[in-house]
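**Q** Below are the structure tokens for one structure; questions will follow.
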Amino acid sequence: MTSFITRPALLRGVVATCRFISEHRAKRPLCSVRSYATGEDNRVPKIYTKTGDKGFSSTFTGERRPKEDHIFEALGNTDELSSAIGLAREFCLDKGHTFTYQLDKIQCMLQDVGSNIATPRSSARESHIKKTKFAAQPIVELETWIDKFTEELPPLTSFILPSGGKSSAALHLARTVCRRAERSVAPIVRSGEADPDVAKFLNRLSDYLFTVARYAAMKEGSEEKIYKRPE
């Protein structure tokens, strides 16, 4: 899961349409700002490219596809998920929650998810696949976090409605966006166009968001609404 660099014109198209560029984690802070200039070309690319004005966008492999293509649908849902997590993070920061660093890391992992989705295997070269591969380690990390929070939470005995204060409710909202992202990624993975661990990561992420929403409510002393059959 490393970053990719391509021709400036194509890169601007990818950035403008889906903004899923990964980072060199071993050498740089998570989600650090970086330059994509190569050689002596120090020009800053414009945020608008006009390449999508006719309803088509480019994948990382250079394919031109309609904007409503399932690849861009999945990218959009993943981008929306990151935004929803970002909003939840702000509420969590206001309440002084100590797990916000996890949300930071998850948002960066979603960049890697997007990079993988934006590289359909049917048109990818080996160099593309190597640069955007998504491995299983982040899934294991999510499971570790889930288990740790679960140890501190009371047993789940009833259906919980999204509630429990602003932090918790925002995390629940992010969870539902995550489920939608997972549904849009599933057929891409089944067709062999994306790594299976991408779908597994999103599946486990929704479990994490549910668990951490309950944890936030507990830490804030906010009551969670329990489902009751209407009379």
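**Q** Amide H to amide H, which residues 5 or more places from Ser57 or on other chains are under 5 Å from it, using H placed in the peptide plane?
**A** It is Arg65, Lys67, by chain and number.
**Q** Which cross-chain or sequence-distant (5 or more) residues have an amide H under 5 Å from the amide H of Ser222, H modelled 1.01 Å from N in plane?
**A** So Ser222 has HN proximity to no qualifying residue.
**Q** Residue by residue through the range 68-83, which ³J(HN,Hα) values in whole Hz follow from phi under the Karplus form 6.51 cos²θ - 1.76 cosθ + 1.60 (θ = phi - 60°), with glycine and proline marked x?
**A** Residue by residue, the range 68-83 yields 8, 4, 4, 5, 6, 4, 5, 5, x, 5, 5, 5, 4, 4, 4, 5 Hz.
**Q** When only DSSP loop residues count, what trypsin sites (Lys or Arg not before Pro) in the range 71-140 have their Cβ near at most 14 other Cβ atoms within 10 Å?
**A** Arg125
**Q** Using the Karplus curve 6.51 cos²θ - 1.76 cosθ + 1.60 with θ = phi - 60°, what ³J(HN,Hα) values do you get for each residue of the range 146-156, in whole Hz, with x for Gly and Pro?
**A** 4, 4, 5, 5, 4, 4, 9, 8, x, x, 8
**Q** Moving on. Could you tell me the accessible area of Glu73 in Å² (1.4 Å probe, neighbours in place), rounded to the nearest ten?
**A** Near enough 100 Å² of accessible area.
**Q** Show me, for the range 166-178, the HN-Hα J-couplings you get by feeding each phi into the Karplus relation (A = 6.51, B = -1.76, C = 1.60, θ = phi - 60°), rounded to Hz, glycine and proline as x.
**A** 5, 4, 5, 4, 5, 5, 5, 4, 4, 4, 5, 5, 4
**Q** Also, I was wondering about something else. Count neighbours as other Cβ atoms within 10 Å of each site's Cβ, and list the chymotrypsin sites (Phe, Trp or Tyr not before Pro) in the range 142-231 that are DSSP loop with at most 11 such neighbours.
**A** For chymotrypsin sites (Phe, Trp or Tyr not before Pro) across the range 142-231 that sit outside H, G, I, E and B with at most 11 neighbouring Cβ atoms in 10 Å, the list reads Phe159, Tyr227.
The values are calculated or read from the model by the stated rules, or taken from the named source; none is laboratory data. Remember, predicted model here, so these are calculated numbers, not experimental data. Backbone-built Cβ (ideal geometry, glycine too); neighbour counts: all protein chains shown. Calculation scope for accessible area: heavy atoms of the full protein, side chains included, ligands and nucleic acids excluded. Shrake-Rupley method; radii C 1.70, N 1.55, O 1.52, S 1.80 Å.
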